[in-house]
Amino acid sequence: MESNGRSPSQKTANGRKLTNRPTRALSPLIGLLTMIAVTVVLAAILTVGVSALGTSGTPPTAGFDLSADAADSTIELEHAGGDAVDVRELSVAIEIDGGTLENQPPVPFVGAKGFDETPTGPFNARSDPIWRAGESARVDLASTNDPRLRAGATVTVTLVVDDHRIATLEATAR
């Protein structure tokens, strides 16, 4: 052995010199590059996923007027202004004196349980489903729908598009 603490150089059968150089120094570098590549791929997947979730637009902003007529058992909504509303994406919830109407209008529709006649305006499935400013929609409550509409009753209508409440309206039935 040499006096400097190193083992003597050895030679292989073909005459090449063997050294004591570390061969493991490449492993941390490969591991680091692999982790960077995995991070970049995961970030790209996350970006695409978040972008896909965020494609649903903002809910429409519009104003509405509500009227209720107990003598005719009708509830009428007028689009007073603002963004147009696609009634195919709309859900309507009606309450009378705080009680939820047993059969809610499945807008748009033609003939539904709890309603007489066909609705008017964009609530009618045979009409243009886009509800624009100045247009009215009316539903006729059937006598079998509970609670019944009576004069002096407080009627509350909630309009929801894509899980976003766009309006809550209240009127006293005349």
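The values are calculated or read from the model by the stated rules, or taken from the named source; none is laboratory data. Computed from a predicted structure; not experimentally measured. Ideal geometry is used to build each Cβ from the backbone, glycine not excepted, and the neighbour counts take in all protein chains shown.
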Starting from residues that are under 23 Å from the mean Cα position of the chain (by Cα) and assigned to a strand (DSSP E or B), keep the ones in the range 126-141 and report whichever is farthest from His79 (Cα to Cα). Ile130
Would you check which residues across the range 52-82 are in contact with a Ser or Thr (Cβ under 8 Å, 6 or more places away or on another chain) and crowded, with 17+ Cβ neighbours inside 10 Å and list them? Ala68, Ser73, Ile75, Glu76, Leu77, Glu78, His79
When the range 142-164 is checked residue by residue, the ones that are at pLDDT 95 or above, in a strand (DSSP E or B) and either among the polar types (S, T, N, Q) or surrounded by fewer than 14 Cβ atoms within 10 Å (Cβ to Cβ) (or both) are Thr154, Thr156, Thr158
Residue hits (the range 71-92; among the aliphatic types (A, V, I, L, M) and assigned to a strand (DSSP E or B)) are Ile75, Leu77, Ala80, Val85, Leu90, Val92
When the range 30-64 is checked residue by residue, the ones that are among the aromatic types (Phe, Trp, Tyr) and at pLDDT below 90 are none
Let me spell it out: the conditions are (1) surrounded by 13 or more Cβ atoms within 10 Å (Cβ to Cβ); (2) in a loop (DSSP other than H, G, I, E, B), and Pro122 meets all of them except one. Which number is the exception? (2)
Can we say Pro105 is part of a loop (DSSP other than H, G, I, E, B) and surrounded by 14 or more Cβ atoms within 10 Å (Cβ to Cβ)? yes
